[in-house]
Amino acid sequence: MRKKIVAGNWKMNLNMVQGVSLVGAILKNLPDLNELKQVVLAPSFLNIGVTYQQIMNTPFLSIGAQNCHQEEFGAFTGEVSASMIKGAGASHVILGHSERREYFNETSSLLKKKVDAALAQELTVIFCCGEPLSIRDAATENDYVAQQIQEGLFHLEAAQMKHIVIAYEPIWAIGTGRTATAPQAQDMHHNIRNVIATKYGSELAGNTTILYGGSCKPSNAEELFACPDVDGGLIGGAALNAEDFVGIITAMMNSK
Ligand code: PGA
């Protein structure tokens, strides 16, 4: 059976003290996780080490980074490599977030290299995809997202693809308060699973975790997570508040 995951993407929020205090508050009320229901926290690079120290004895709670460089080391001032985040305690890395694609010009060909660099360090990649509003208005979102997945991931062998989690995040729903409806999310997640199945077969596609992201909160998480192809969420704003984040985790725990 495929895993369900709730991942918190802190983006460029929370300094070290604030991050430590948030994680402390989450740990106080965290439901018991298990092999099939897991949580990932993705703080800034600076907080990876300290957050790992806080959570290392909590089963099925892991740390993710929000990005990594495509090279393992070298003269790339200001950059952080996959081996560095792994060494600090991360087991996951978010790649291809729409903010990275848009504000930092991350193209599919660059993302391919980052995916390879992360997998070489045995990190699990949370690979983001999602369409802007203009594409949804033109009703071409299925092809648009399929292309992002093909370009970023389809060079991988099946054995590598098992270490990929997909996060579908419609750009028009990120940080806007406007969530995809449950049927919209389900349709796209089903499309993504089909795209993966055409290349890797239905068994691997059936075992791939596909998260929804974009204004997910406790009040809509239950309905979204009830969709058969929605396997949890990548949470931005609501991951910065312990009560909201635990509420979303609880919705995942209660989902089938
Ligand atoms: P949001 O962000 O939950 O604040 O919409 C989600 C994301 O960008 O990962």
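The values are calculated or read from the model by the stated rules, or taken from the named source; none is laboratory data. Note that this is a predicted model, so its numbers are computed, not measured. Cβ: placed from backbone, ideal geometry, glycine included. Neighbour counts: every protein chain shown. All accessible areas refer to the heavy atoms of the entire protein, side chains included, with ligands and DNA or RNA removed. Shrake-Rupley method; radii C 1.70, N 1.55, O 1.52, S 1.80 Å.
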For the range 109-153 and the range 29-46, distance of Cα centres in Å: 23
Dipole moment magnitude, nearest 20 debye, the chain about Cα centre, only Lys, Arg, Asp, Glu C-beta charged: 360
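Relative contact order for the range 48-146: what percent, with Cα pairs under 8 Å and sequence separation of 6 or more?
It rounds to 26 percent for the range 48-146.
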Pair-distance profile P(r), taking every C-alpha pair of the range 1-153, with 5 angstrom steps and integer %: 2, 9, 17, 20, 19, 15, 10, 7, 2, 0
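Calculate the FRET efficiency for Asp32 and Met12 from the Cβ-Cβ distance with a Förster distance of 22 Å, rounded to the nearest 0.05.
Given R0 = 22 Å and the Cβ-Cβ separation, E is 0.10.
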Kyte-Doolittle mean at least 1.0 and Cα axial length at least 20 Å: DSSP H helices in the chain: 16-29
The range 57-118, Rg to Rh (Cα coordinates; Rh as Kirkwood inverse mean 1/r): 1.00
Kirkwood Rh in Å, taken over the range 154-236 so that all alpha-carbon pairs contribute: 13.0
At 0.890 mPa s and 25 °C, Stokes diffusion of the range 4-254 via Kirkwood alpha-carbon radius, µm² per second: 137
Helical contribution to [θ] at 222 nm, DSSP H n ≥ 4, -39,500 (n - 2.57), averaged over the chain, rounded to 500: -13500 deg cm²/dmol
Sparse-neighbourhood loop sites, chymotrypsin sites (Phe, Trp or Tyr not before Pro) in the range 1-108 - DSSP loop, at most 13 other Cβ within 10 angstrom: Phe73, Phe76, Phe104
Given 10 as the ceiling on other Cβ atoms within 10 Å, longest exposed-site-free region of the chain for GluC sites (Glu not before Pro) in DSSP loops: 158-256
Sites Ala25 and Gln160 - FRET efficiency at Förster radius 45 Å, r taken between beta-carbons, to 0.05: 0.80
Where the chain is the region considered: accessible area per residue in Å², 1.4 Å probe: 45
With every protein chain in place, the chain: carbon and sulfur % of accessible area (1.4 Å): 52
